[in-house]
1. Within region 385-402, track down each residue that is under 12 Å from VAL452 (Cα atoms) and free of Cβ contacts under 8 Å to residues at least 40 places away in the same chain.
2. Under 6 Å by Cβ, and 6 or more places apart or on different chains, what pairs join a residue from region 32-54 that is farther than 16 Å from ARG82 by Cβ and among the hydroxyl-bearing types (Ser, Thr, Tyr) with one that is modelled with pLDDT under 85 and loosely packed, with under 15 Cβ neighbours inside 10 Å?
3. I need a count of the residues in region 382-394 that are touching a helix residue (DSSP H, G or I) at 6+ places or on another chain (Cβ under 7 Å) and part of a loop (DSSP other than H, G, I, E, B).
4. Would you call LEU296 in contact with a Lys or Arg (Cβ under 8 Å, 6 or more places away or on another chain) and either assigned by TED's automatic domain parsing to the domain that holds PHE453 or of a type outside the set (Asp, Glu) (or both)?
5. Using the structure shown, decide if LEU296 is touching a Cys at 6+ places or on another chain (Cβ under 8 Å) and either of a type in the set (Ser, Thr, Tyr) or modelled with pLDDT of 90 or more (or both).
6. Could you check, for region 421-432, whether at least one of its residues is modelled with pLDDT of 90 or more and either in the same structural domain as ILE326 (by TED's automatic domain parsing) or surrounded by 21 or more Cβ atoms within 10 Å (Cβ to Cβ) (or both)?
7. Suppose we keep only residues that are farther than 23 Å from LEU115 by Cα and aliphatic (A, V, I, L, M) within region 207-229. Which one would you say is modelled with the lowest pLDDT?
8. Please tell me if ARG100 is more than 19 Å from SER177 (Cβ to Cβ), charged (D, E, K, R) and not in a helix (DSSP H, G or I).
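The values are calculated or read from the model by the stated rules, or taken from the named source; none is laboratory data. Just so you know, these numbers come straight off a predicted model, no measurement behind them. Ideal geometry is used to build each Cβ from the backbone, glycine not excepted, and the neighbour counts take in all protein chains shown.
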Amino acid sequence: MTLESPLIHKECCDLQSAAERLPPEVGLALVESIRIALDLTLLPRKRARAARDVGQAVDTEEALRLGCAANEARAWYQLSARLGDVQGCAALASQCLRSRDLRCHRSLSLPLPLLTTKAGGIRRGTTVAADLDTMSAWILGAAAIHKAKPQLFLGWTAREFSVALDLIACWLTLPLSAEAEQSMPHNWRAVEWSRIADCWPLLVAGASQGTQDDELHHQRYAVIQNEIEAHVLRVPQPRRLAISTPAPRCRSQAAHSADGRNHATPILLGEIPKSSDPHEADYLTTYEALKEDTPLVPLPSETKLYATFLALQEEFPWASEVSRFIVDALLARSRWGSTRLGWRPILLVGAPGCGKTRYARRLAELIEVRGLIINMAGMSDAKLLKGQTRGWAGSRASRVVEFMLQHRLANPLVILDELDKAQVAVEAHGGRPHDALLDLLEPLSAARYSDVFLMTECNLSHCLYVGTANSLNALPEPLLSRFELLHFPPPRSQDLDRITDLILRDVEEYWNLPPHTLQLSTTARGHLSQIEGVDMRTIQKIIYKLLLSEAPKGVRH
């Protein structure tokens, strides 16, 4: 049972009576939404959306013509707002303004909203102001934003983010009536902006999902932010050009960013001994480049990090806790002043086929860092990790160092796939894989990691690691102690459509087809829905068979 305040409980009782009085033409179409909105056992978010839907349905000229009372919509909007729906709060404020023949005028040429009459006359200033009811709706919206922030606005749509930004601008810049102003403490706008300003870049990132011109979108909201600050804090403008380039948070961060010392580092720390073999000598020469400063991928902006979380949540909704942990860790680094990308090694532990490796690869793409996949399954020695002794056919440097040279990158993302399936023989020629990882995963040891082939020390301390495993039973405790262990849950039945779309996009890429070329019929998707349990590999096999059976007939020439 969802806990309700007495006020909301009373409102539900009143709305139940009001719903019974709705004209049949209106009420019958809203039976399910009304039932959800008034069901105290359901989650508040679901009820809030349903209440807003009912409010919008009865807030029309047609509903008024059929006999709905003029204040019918307001009651439903109030319920939605009290349950924490930011769109319900905005709709309630708009309805309060309309009751006074006013509306908010918005234009691309004007950064801030204006109060106008319904006829379109602008009356900004002392002539027209928002009343106490309108202000109360905006305050409920601000409270909904604050409440959703600790969960990183989980489940919000781009529309909700956009409405939240607009609501903040209205609340903090539109004039209030004398009664409304007197109900607020002195300098309240500056105080409220200081509380809500850190939400702004997160809301902008969320609202930008699906926009065609992301840079233009961010610049527009940067202008709006500057205008709000100028209005609220009475500071000169413009303050900055774009949200994505905020001022440094601390003196040390500014210094590192200014001289570039924090964005490149040499990989090779000593001289590479020469080889008498001509082929080896030529190969060794290429690694001389790693003696120079090698670029480090910088830590993404908070806006970019939040956009990363939204993308991961969209594609892997069953792994939201994993996404939140990773993004929170990066945000913490950023807020302490770090400017380069990095994290403590992560081990994703979950059942086969739940999407761990795909998740790690997608994470690398989103944070724009090169990813190296090392398949640990069946690996019986450490040659791939430590390099192979010179003089043997196929001798080479560590795969990690080799990758850093290929991409001129000092902090790649190394994906240690199937970590629990590496061989752990007592006597292993070249050393055991798990033993080599003990040094790689420990920053102090990795800072002077000895490559067997190069015969010199390398600084691998900036590498990022994500491991995957089905079980922890085969992994030694010293190795586990170097990881953050994160449970990667299996997909749920409600994630099946999303998984199907992801696999179809993968197949299009493998087959070199344009996006969204491959589609499954309703019948085929119905067949997939009958599968017990959701295993991505099993679903992939079935989708391949369905694509073959549903392929267009005939041979192309």
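1. Answer for region 385-402, where residues must be under 12 Å from VAL452 (Cα atoms) and free of Cβ contacts under 8 Å to residues at least 40 places away in the same chain: just ARG399.
2. So the pair list comes out as THR41/MET1.
3. Looking only at that region, the number is 2.
4. Details: in contact with a Lys or Arg (Cβ under 8 Å, 6 or more places away or on another chain): yes; either assigned by TED's automatic domain parsing to the domain that holds PHE453 or of a type outside the set (Asp, Glu) (or both): yes.
So LEU296 fits the description; yes.
5. no
6. Checking region 421-432: at least one residue is modelled with pLDDT of 90 or more and either in the same structural domain as ILE326 (by TED's automatic domain parsing) or surrounded by 21 or more Cβ atoms within 10 Å (Cβ to Cβ) (or both).
7. Checking each candidate, the answer is LEU216.
8. No; evaluated as a whole, the condition is false for this residue.
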